[in-house]
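The values are calculated or read from the model by the stated rules, or taken from the named source; none is laboratory data. All of these numbers come straight from a predicted model, not from anything done at the bench. All Cβ positions, even for glycine, are placed from backbone atoms using ideal geometry, and neighbour counts span all protein chains on display.
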Amino acid sequence: MFVQETPELREFRAEVANWLRENKPRPPKFRLPMSFLEVGTDEQFQYLRDWQQKLYEAGYLGMAWPREYGGYGKPQIYQDIANEEMAKARVPFVINVIGLSWAGPAVLRMGTEKQKRRYIKKILTAEEIWCQGFSEPDYGSDLASLKTTARREGDRYIINGHKIWTTLATYAKHMILLARTDPEAPKYRGLSFFLCPMDLPGIEIRPITKMTGELGFNEVIFDDVSIPADTLVGQEGQGWLVAVTTLAYERGAIGGQAGGHPSQILTASDVVELAREARRDGRPAIEDPLIRDELVKFLIMERTIELNRKRLYIEKLLTPGRPQVLRFMSKLFHSEYIQGLSELAVRIQGAYAGLFAGDPCALADGIWQRSYMNSFGFTIGGGTSEIQRNILGERILGLAKG
């Protein structure tokens, strides 16, 4: 039932696989972050930026984006194949995830011609990194209640407020910023969406150290920051519409992302190998029937994710009454899969689970401990798992609001 690859597509797949084998960068001497959420040092940043630039120059990012803005103008299936081969080859993730996967698609869909020509190519090349200014210290899940303000003064807006959990803010050239332009309007109607430069006077960035000891998240303070009015996306007061569309890209509910993957690839097969190495009661953990049962469940989940990705091509035939159901569930399913898989991997290690990256006795250099703790960034970011279930229940299944 899946789309059959033509000889041309098979030839392209082989071309990508061969290029990745020949060009996969050597592991650096320093420890890489597990995902774009943990990039915290200049050497990590430059290594990952160089890799994204190389991917783009080879033609494997932005393949389905329009040529006039820096993309390659090919059918989406070419980008999908390139993404699959990147995952198989376990190459480093791309760093400009916010630009490639939600800011860029939103600009292409809702931005002006000037904005598309100004921003899109530099997103692809990683010349300009993007961050997201949505959540605030008191307003995360209740995003529409945010308090950051944008006051119009001539051809400028004056921004005041406080954003948090701002990934890559220390390296970002631009922020997709949601701010309140009409304090008197109902909360969903008084918001506007901006493409805010990050190098302006009045912007203060405060890095946040995570429990893993890594950086990546930041607080961003705006104190009378003056931004050009032409950074507004859509009309003033339409910010909620633009933000919801952007979140749909972030959650994978709408296609059109530029490619690459946002994190290090870890699989159920990796945990199988860990279970062969770890010991329980003096024997390999994989000999424990309960562990084997759990491993099989995750192998099945992994296969389900792979098949659902292929089913996207025939989604309307499979679920005609519930369009985009597979896309809407992808963020929830995949983020919880990684979290559960990492938790199992930690549990398999027994007492060794208390050792962290860098400890000479840590199994697999403590990668699963890092993965488990960092996985909460994905089950919370873009809307928590609870919110994703509400969206699926109310908008896809048509269930009553609780």
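Okay, here's what the table says:
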item: Qualifying positions in segment 238-253 - within 18 Å of the chain's Cα centre (by Cα) and polar (S, T, N, Q); result: 245, 246
item: Selection from segment 55-77 of residues that are of a type in the set (A, V, I, L, M, F, W, C) and at positive phi; result: none
item: Residue match in segment 307-327 (condition: farther than 26 Å from residue 256 by Cα and touching a Pro at 6+ places or on another chain (Cβ under 9 Å)); result: no
item: Qualifying helices (runs of 4 or more DSSP H) (wholly inside segment 13-113; at least 2 residues being among the polar types (S, T, N, Q) and touching a helix residue (DSSP H, G or I) at 6+ places or on another chain (Cβ under 8 Å)); result: none
item: Some residue of segment 367-388 being farther than 20 Å from residue 248 by Cα and surrounded by fewer than 16 Cβ atoms within 10 Å (Cβ to Cβ); result: no
item: Subset of segment 2-56 that is within 19 Å of the chain's Cα centre (by Cα) and among the aliphatic types (A, V, I, L, M) - its residue that is surrounded by the fewest Cβ atoms within 10 Å (Cβ to Cβ); result: 32
item: Only one of 152, 117 that is touching a residue at least 12 places away in the same chain (Cβ under 8 Å), surrounded by fewer than 20 Cβ atoms within 10 Å (Cβ to Cβ), among the basic types (Lys, Arg) and under 20 Å from residue 192 (Cβ atoms); result: 152
item: Only listed residue being of a type in the set (D, E, K, R) and either surrounded by 16 or more Cβ atoms within 10 Å (Cβ to Cβ) or not assigned by TED's automatic domain parsing to the domain that holds residue 390 (or both), chosen from 327, 347; result: 327
item: Criterion (touching a residue at least 60 places away in the same chain (Cβ under 8 Å) and more than 23 Å from residue 86 (Cα to Cα)) met by exactly one of 278, 258, 248, 268; result: 278
item: Filter pass, residue 145 being within 25 Å of residue 120 (Cα to Cα), polar (S, T, N, Q) and touching a strand residue (DSSP E or B) at 6+ places or on another chain (Cβ under 8 Å); result: no
item: Positions within segment 280-301 being small (Gly, Ala, Ser) and crowded, with 19+ Cβ neighbours inside 10 Å, in sequence order; result: 285
item: Selection within segment 119-165 - among the β-branched types (Val, Ile, Thr) and out of contact with any Ser or Thr (no Cβ under 8 Å at 6 or more places or on another chain); result: 120, 123, 125, 129, 148
item: Residue that is of a type in the set (Lys, Arg), buried (at least 23 other Cβ atoms within 10 Å of the Cβ) and either over 17 Å from residue 107 (Cβ atoms) or in the same structural domain as residue 366 (by TED's automatic domain parsing) (or both), where the choices are 163, 187, 147; result: 163
item: Qualifying residues in segment 3-47 (those that are hydroxyl-bearing (Ser, Thr, Tyr) and within 26 Å of residue 250 (Cα to Cα)) - the one modelled with the highest pLDDT; result: 47
item: Wholly within segment 307-402, helices (runs of 4 or more DSSP H) carrying at least 3 residues that are over 23 Å from the mean Cα position of the chain (by Cα); result: 315-318, 325-348
item: Verdict on residue 253 being aliphatic (A, V, I, L, M), in contact (Cβ under 8 Å) with a residue 60 or more places away in the chain, within 30 Å of residue 189 (Cβ to Cβ) and not in a helix (DSSP H, G or I); result: yes
item: Filter pass, residue 181 being crowded, with 19+ Cβ neighbours inside 10 Å, modelled with pLDDT of 95 or more and within 30 Å of residue 356 (Cβ to Cβ); result: no
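Let's see how each residue does on (1) in contact with a Lys or Arg (Cβ under 7 Å, 6 or more places away or on another chain); (2) at pLDDT 95 or above; (3) of a type outside the set (A, V, I, L, M):
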site	(1), (2), (3)
92	no, yes, yes
107	yes, yes, no
142	no, no, yes
159	no, yes, no
162	no, yes, yes
167	no, yes, yes
191	yes, yes, no
203	no, yes, no
